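Reviewing the structure listed below.
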Amino acid sequence: MIYPQKIKAKKSDKMINILVSVSMGIALILLLINRLTTPRIPWAALANAGILYTWITVIYSIRKNVNIAGHVLLQTIALSILTIYIDYKLGMKGWSINMAIPIMIMIANITMLVLTIVSYKKYIKYAIYQLMIVLFSMLPVIFVTEHIVQDKTLSMIASGISVLNFVICLILCAKDVKEAIVRKFHI
């Protein structure tokens, strides 16, 4: 019987530290862009809150050893519905569909990528949720084709990141997925 190799705690902690540093760099770049382009609209604060939320979710999942992928999917859908409701209550300005949902989709995909990198041997547990997130991530494409979205850029970036993330996860874990399929279906 083939048992997965355990990732050493030092190696896992080092990867987390590198990814946290990258996230902090992205947060600072977002603040700089916000200050230079639209200083009256604090959109970088929202994006940085998303980055913080991502790390809280990832660290919680690693420490509690739960299948967080289902929670990521559920939270993405629930928060999308909540932002549409808030936008509707505030006069339906369109920010929920133009900005909030694409940003949440990007955050969900980044969370799934980090989970895959940190605990890639458990990818088979995340695979179905990853696929569902990819399907949910196609909503912005539908919004663009139906002309519901005014600015197509963020929606297309979110969908592109989703597909790219799914491909990267499959490449990183193809051998493990194949072994799991062979083991489960006795092929």
Qualifying positions in the range 130-141 - open to solvent by 30 Å² or more (accessible area, probe 1.4 Å) and aliphatic (A, V, I, L, M): 131, 132, 135, 138, 139, 141
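With the structure loaded, tell me whether residue 106 is out of contact with any Pro (no Cβ under 7 Å at 6 or more places or on another chain) and under 28 Å from residue 14 (Cα atoms) or whether it fails that test. Can you show your working first?
Details: out of contact with any Pro (no Cβ under 7 Å at 6 or more places or on another chain): yes; under 28 Å from residue 14 (Cα atoms): yes.
Yes; evaluated as a whole, the condition is true for this residue.
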Looking at 67, 17, 98 in this structure, which one is touching a residue at least 40 places away in the same chain (Cβ under 8 Å) and closer than 21 Å to residue 169 by Cα? 67
Quick one: residue 16 ticks every box in (1) open to solvent by less than 40 Å² (accessible area, probe 1.4 Å); (2) modelled with pLDDT of 85 or more; (3) more than 25 Å from residue 136 (Cα to Cα) except a single one, so which number is it? (2)
Mind listing just one residue for me: the one in the range 70-95 that is among the aliphatic types (A, V, I, L, M) and open to solvent by less than 80 Å² (accessible area, probe 1.4 Å) and, of those, farthest from residue 168 (Cα to Cα)? 86
Every residue from the range 142-187 that is modelled with pLDDT under 85, in contact with a Ser or Thr (Cβ under 7 Å, 6 or more places away or on another chain) and open to solvent by less than 50 Å² (accessible area, probe 1.4 Å): 143, 144, 149, 169, 173
Of 91, 70, 50, which residue is outside any helix (DSSP H, G or I), at pLDDT 75 or above and not hydrophobic (A, V, I, L, M, F, W, C)? 91
Scanning for something in contact with a Pro (Cβ under 7 Å, 6 or more places away or on another chain), of a type in the set (Ser, Thr, Tyr) and assigned to a helix (DSSP H, G or I), does the range 133-148 turn up at least one residue? no
(1) within 19 Å of residue 155 (Cα to Cα); (2) out of contact with any Leu (no Cβ under 8 Å at 6 or more places or on another chain); (3) in a helix (DSSP H, G or I) all hold for residue 35 apart from (1)
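So that you can scan it fast, the table gives a plain yes or no per residue for (1) open to solvent by 80 Å² or more (accessible area, probe 1.4 Å); (2) of a type in the set (A, V, I, L, M, F, W, C):
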| position | (1), (2) |
| --- | --- |
| 27 | no, yes |
| 34 | no, no |
| 41 | yes, yes |
| 44 | no, yes |
| 53 | yes, no |
Filter result (within 15 Å of the chain's Cα centre (by Cα) and surrounded by fewer than 18 Cβ atoms within 10 Å (Cβ to Cβ)) within the range 118-129: 128
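The values are calculated or read from the model by the stated rules, or taken from the named source; none is laboratory data. Keep in mind the model is a prediction, meaning the values are calculated, not measured. Note that we place each Cβ from the backbone using ideal geometry, even for glycine, and neighbour counts take in every protein chain shown. Note: areas computed on protein heavy atoms with side chains; ligands, DNA, RNA excluded. Shrake-Rupley method; radii C 1.70, N 1.55, O 1.52, S 1.80 Å.
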